[in-house]
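We did not get these values from a lab; they are worked out from the coordinates using the rules stated. In this text, all values refer to a predicted model and were calculated from it rather than measured experimentally. Cβ coordinates were reconstructed from backbone atoms using ideal geometry, including for glycine residues, and neighbour counts include every protein chain displayed.
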Amino acid sequence: MPVIELASDGSLPLPEEIRKSLSLRPGDLLNVEIVDGSVRLSRHELPKPKPAAKPKSVSESDPVDVLQTPMRFIKGVGPKLADTLAKKGIATVEDALYVLPHRYEDRRELRPVARLRPGMTEAFFATIVSAQPMVTKGGRNYFEAIVADDSGSIPLKWFHYHPQFMKRNYLPGRRGIFIGDVSQFAFQREVHHPEVEWVAEGEDLAQVMARDPENFGRILPVYPLTEGVSQKVMRKIMRETVQQYSRSVKGVLPEPIVQRQKLMSLPVALREAHAPDASARIDHLNEGKGEAHRSLAFDELFFLELGLALKRRGITLEDGISFQVTHRYTRELAKLLPFSLTNAQRRVLSEIKEDMIAPHPMHRLVQGDVGCGKTLVALMAALIAVENDYQVAIMAPTELLAEQHYLNIHRYCEQLGIKVTLLTSGVKAKSGVLELIAQGETQIVVGTHAMIQDKVEFHRLGLGVIDEQHRFGVVQRALLKKKGSNPDILVMTATPIPRTLSMTVFGDLALSVIDELPPGRTPIETRIVRDSRRAQTYQMIRGEVVKGRQAYIIYPLVEESEKSDLKAAVQMADHLKQDIFPDLKVALLHGRMSASEKEGVMSAFKGGETNILVATTVIEVGIDVPNATIMVIEHAERFGLSQLHQLRGRVGRGSERSFCILMTGDRRSEDGEKRLEVMVSSQDGFRIAEADLSIRGPGDFLGTRQAGIPELKVADILRDGGVLEEARKEAFALVGADPDLEAPGHDKLKAELMHRWGGRLELASIA
């Protein structure tokens, strides 16, 4: 067999004539075969690569797939910037399209300096007259540049700046277009930290405007920013995304709804929202009144309400318990009461009875102001379940409130021969309690979230009552429901929830409102008192005690784990006992005390043994002492409006004139001032709740994200209340006409609903 030697680089040295005969080119591969002792060489043919598939254009692709394109594929967005955007919740093209500008700047014209308007974001062309570091009277460093045009001058100020950068760039005689918020202090207008677009020497204004049409001569979107992304970069990214992908957003709303509501198509609405037409009214845009915003908000709210409508329909279609109303216990309870039910209580009880008699599970929200008698209505509903040999679970957010409910309910139920058990983390370990519940030997269980733990089993749960629903999430409601076989659920809240909020948070619940207080209640006089008048306040407390009345002094405790506040409450109680009211009985109540300690303190206060109760916000709900006629709330500006209203509701529960004193320091935020003024001017819980919602926003109003508030991308439930009403009406009407979304075209509605809200509204069962 012949030997073929390879060259040192691995190549095969071949004579030129052989190369030519085989049509070899550098880099080609050879086939080497040995046949009958001879070597045969041939060129190795590589398989021809298949032509690359033509990439789908945006319009050819599946719209949903295209909208999931990661942001790193957008022109100008690399991996690092994509990561930064993702932290802001902008991971895909779809995320970006729905991050709408939170305001707009009017750059259609540059205003003369003399006509710059305080409170507005303005763009103006000016020349730097002087620029230098300065110091305020308080010793704070800042940089100031005076700029001017033919009409006048205005100072620009930077309180955070790089000295060398400012010195290098802000040179007298240099011209620029400045953009910023115009402020007014006394008679002087000024602009802080403006943006600037420098104008080159020899360049006139018309040339600048023509050179940068994306930033001048039009209405400019202003986006919520994330750290490390400038407004200019954000605009460029969004412009690129909207131009390339907005047409891939397909609206699936039924055409009759689109026509009735006069809606824009989604692609057009998105383009208009991100790049408004030059003829648009800037005030309408900034108030969310533009047609584009309305169309996008309606689309979003319609699918939320569609999900809630289907959830409610799912509840009504499930097989539940059809209770019989025998009046065996309810009539007896009515005889024990020292008063009659109000008309509002009777009306709500009638609505609850109808739900309980129906063969489908009840899911009802009872909403009513402080002291309207919700607990009694819940007890009446509980007795209907007990009359039918079912158990009742009453779940409260805190141990103190659970204990209060237990004491109030137990007092009546004992006379009716009904067994009531308290189940909290403090008592659940006691032997026999869980067995009593599991064996059905206790008919009503009052407790905290301890009752939804796995080890707690009910013998025959027929009704679940959740008090102060906004403290619990959707998950807790579902867990309580699983403790029985589709039990009825009654949700109660003393926090008046504005209609717009209840339509989104509690939209799957039927709503009952107890809008009447029991007779004999007196209006509470509310006053704002500064710390400097503390001595007069203490005299007022003493005056009430001399008349035989009692007082609360409330100290703020943001969380029960914050030791600093707790220590301050303890110190205050000691100070009051020793230095201010040494001759009176002063007691302290806070969340760290054991259940028995709390019960002892409250019993003494209820019994009139204690004159003054110093407490943290644990007394916010559920405590009823008609003899207490004055409440002092320390650091009142630190509380939310709804919480202040709840606290105030602890007094004025009898027929005597009552007072609520809001103690506050001299320094208050603008929001703090607004809250206190609302408290003084109104005792209407719903008006107070509306004010609280507008001051704090929905997330803070309910306290936690767990409260079930849906995160909306476009709509604002305060601003878009009217749109929400229309969207709800259309969604509920559609589900009424087509309960299973089976009409032609409604399969797309169902798919879109699952895409947007399936997980967040737990809609898997309707897919």
Problem set entry | Summed side-chain charge close to Asp83 - residues other than Asp83 whose Cβ falls under 15 Å, Lys, Arg +1, Asp, Glu -1 | +2
Exercise. For the modelled label position 7 Å from the Cα of Glu332 along Cα-to-Cβ, which residues of region 403-422 have backbone nitrogen atoms closer than 17 Å?
Worked result: 409-421
Problem set entry | Sites Leu584 and Glu525 - FRET efficiency at Förster radius 25 Å, r taken between beta-carbons, to 0.05 | 0.65
Problem set entry | Full-extension gain in nm, Ser485 to Lys674, via 0.36 nm per residue minus C-alpha separation | 63.3 nm
For this session: Decide, for region 381-449, between rounded, prolate and oblate: order the square roots of the alpha carbon gyration tensor eigenvalues as a ≥ b ≥ c, take rounded if a/c falls under 1.5, and otherwise choose prolate if a/b is larger than b/c, else oblate.
Result: oblate
Exercise. Amide H neighbours of Ile489 under 5 Å, counting only residues 5+ apart in sequence or on other chains, H built in-plane at 1.01 Å?
Worked result: Met362, His363, Arg364, Gly464
Seminar exercise, completed: Note: probe point = Cα of Asp83 + 7 Å toward Cβ; backbone nitrogen < 19 Å; residues of region 226-256 passing the test are 226-230
Problem set entry | Förster radius 41 Å - calculated FRET efficiency between Asn343 and Val258, Cβ distance, rounded to 0.05 | 0.40
Exercise. Taking a label point 7 Å from the Cα of His162 along the Cα→Cβ vector, which residues of region 176-209 have an amide N closer than 11 Å to it?
Worked result: none
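What order do you get for Ile717, Ile580 when you list them from fewest to most C-beta neighbours inside 10 Å?
Working: Ile717 24, Ile580 16.
Going from sparsest to densest Cβ surroundings: Ile580, Ile717.
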For this session: Sort Leu225, Leu576, Leu220 so that the residue with the fewest other Cβ atoms within 10 Å of its own Cβ comes first and the one with the most comes last.
Result: Leu225, Leu576, Leu220
Exercise. Taking the Cβ of Arg108 as the center, what net charge do the other residues with Cβ under 15 Å away carry, scoring Lys and Arg +1 and Asp and Glu -1?
Worked result: -2
For this session: For Arg117 paired with Met134, estimate the spin-label separation in nm (one decimal), with each label point 7 Å from Cα along the Cα-to-Cβ line.
Result: 2.6
Problem set entry | Inter-site label distance for Lys419 and Glu197 at 7 Å from Cα along Cβ, in nm | 8.0
Seminar exercise, completed: Footprinting proxy, His645, His746: sorted fewest to most Cβ within 10 Å, the residues are His746, His645
